[in-house]
Amino acid sequence: MEKQNYLIEQLIMQNRLLKLILSVLVVTLSAIGLMAARAPEGVTESIRTRELLVVDSNNVIRARVSGDMPDAIMANGHVSKRGAKAAGFMIYDQEGIERGGYVTFDHGNAMLSLDSKYRMVANLIAGPEEDGVSVLNLHTKNSSLELRSDPEGSRLSVSKAHRVTYQHPEIETLSQGKCRSYKDLEKKYPGEGVCLDRFSQATCDRCFKSEQ
């Protein structure tokens, strides 16, 4: 009788132990499944690096994520200077020529661009200013169409050879600050017509002849 009671007690203890082991196993498998769902095998939640390069089957760089973007390499090996340090994402064609990107510059602008093999042909720019500056540019080699909103007003401008030929609505008078800055640029780059690249001849003449 005592032997039977002992065996029964052992069976009960083993049953309880088995239930405990099964419970722990279920909880462990559930936790593993949850972690697998949140972070798939081979995926790291966070990568800290200065640059990430994506290459194709020919080992040509096709995409770049960089904290310090190099200058653009265009057709025929031409190096196009960015003019300021930039960080962001760039795409390249099968020849390794830069064809566009999405970057922020150290001077403050954020820009989304699309390039031909020879030059930038389309860009969307957002300035850092509190009052807001936004620009959409479409270019050919000798002409451009610009849709711009800035403190001078919102307008559509068509240019040829870096001279505004049409603007609607036309900005007839520049603010004092903007006029003063163009006068300074004219002194710094005489004869280059920096003002005419964004405003009409009449508007620039009014600015340069004023006492502002």
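The values are calculated or read from the model by the stated rules, or taken from the named source; none is laboratory data. A quick note: this is a predicted structure, and the numbers were derived from the prediction, not measured. Cβ sites come from the backbone with ideal geometry, for glycine too, and all protein chains shown count toward neighbours.
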Check whether at least one residue in region 40-62 is farther than 30 Å from Pro151 by Cβ, polar (S, T, N, Q) and at pLDDT below 90, and report yes or no.
yes
Only residues that are among the aliphatic types (A, V, I, L, M) and either closer than 24 Å to Ser210 by Cα or at pLDDT 95 or above (or both): list them for region 159-185, please.
Val164, Ile171, Leu174, Leu185
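Residue by residue, here is whether (1) closer than 24 Å to Arg50 by Cα; (2) exposed (fewer than 15 other Cβ atoms within 10 Å of the Cβ); (3) at pLDDT 95 or above; (4) hydroxyl-bearing (Ser, Thr, Tyr) holds:
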{"residue": "Asp71", "(1), (2), (3), (4)": "yes, yes, no, no"}
{"residue": "Ser80", "(1), (2), (3), (4)": "yes, yes, no, yes"}
{"residue": "Arg99", "(1), (2), (3), (4)": "yes, no, yes, no"}
{"residue": "His107", "(1), (2), (3), (4)": "yes, yes, no, no"}
{"residue": "Asp131", "(1), (2), (3), (4)": "no, yes, no, no"}
{"residue": "Asn142", "(1), (2), (3), (4)": "no, yes, no, no"}
{"residue": "Arg148", "(1), (2), (3), (4)": "no, no, yes, no"}
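Of Val133, Val164, Val158, Val121, which residue is of a type in the set (Val, Ile, Thr), closer than 30 Å to Ile73 by Cα and touching a His at 6+ places or on another chain (Cβ under 7 Å)? It would help to see each step written out before you state the result.
Details: Val133 fails: touching a His at 6+ places or on another chain (Cβ under 7 Å); Val164 fails: touching a His at 6+ places or on another chain (Cβ under 7 Å); Val158 fails: touching a His at 6+ places or on another chain (Cβ under 7 Å).
Of the residues listed, the single one that is of a type in the set (Val, Ile, Thr), closer than 30 Å to Ile73 by Cα and touching a His at 6+ places or on another chain (Cβ under 7 Å) is Val121.
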Which pairs turn up if I take residues in region 108-129 that are under 15 Å from Ala86 (Cβ atoms) and look for partners that are of a type in the set (Asp, Glu) and part of a strand (DSSP E or B) with beta carbon separation below 7 Å, at least 6 apart in sequence or on another chain?
Asp115/Glu98
Looking for something closer than 23 Å to Ser143 by Cα, among the hydrophobic types (A, V, I, L, M, F, W, C) and not in a loop (DSSP other than H, G, I, E, B) - is there at least one such residue anywhere in region 83-106?
no
Matching residues in region 111-121 - criterion: being in a strand (DSSP E or B) and either among the charged types (D, E, K, R) or surrounded by fewer than 16 Cβ atoms within 10 Å (Cβ to Cβ) (or both):
Leu114, Asp115
So Gly132, is it touching a Ser or Thr at 6+ places or on another chain (Cβ under 9 Å), on the phi > 0 side of the Ramachandran plot and not in a strand (DSSP E or B)
yes
If I filter region 16-36 for residues that are surrounded by 10 or more Cβ atoms within 10 Å (Cβ to Cβ), at pLDDT 55 or above, outside any helix (DSSP H, G or I) and more than 20 Å from the chain's Cα centre (by Cα), do I get at least one hit?
no
Do we have any residue at all in region 159-180 that's of a type in the set (Ser, Thr, Tyr), assigned to a strand (DSSP E or B), within 26 Å of Gly100 (Cβ to Cβ) and under 25 Å from the mean Cα position of the chain (by Cα)?
no
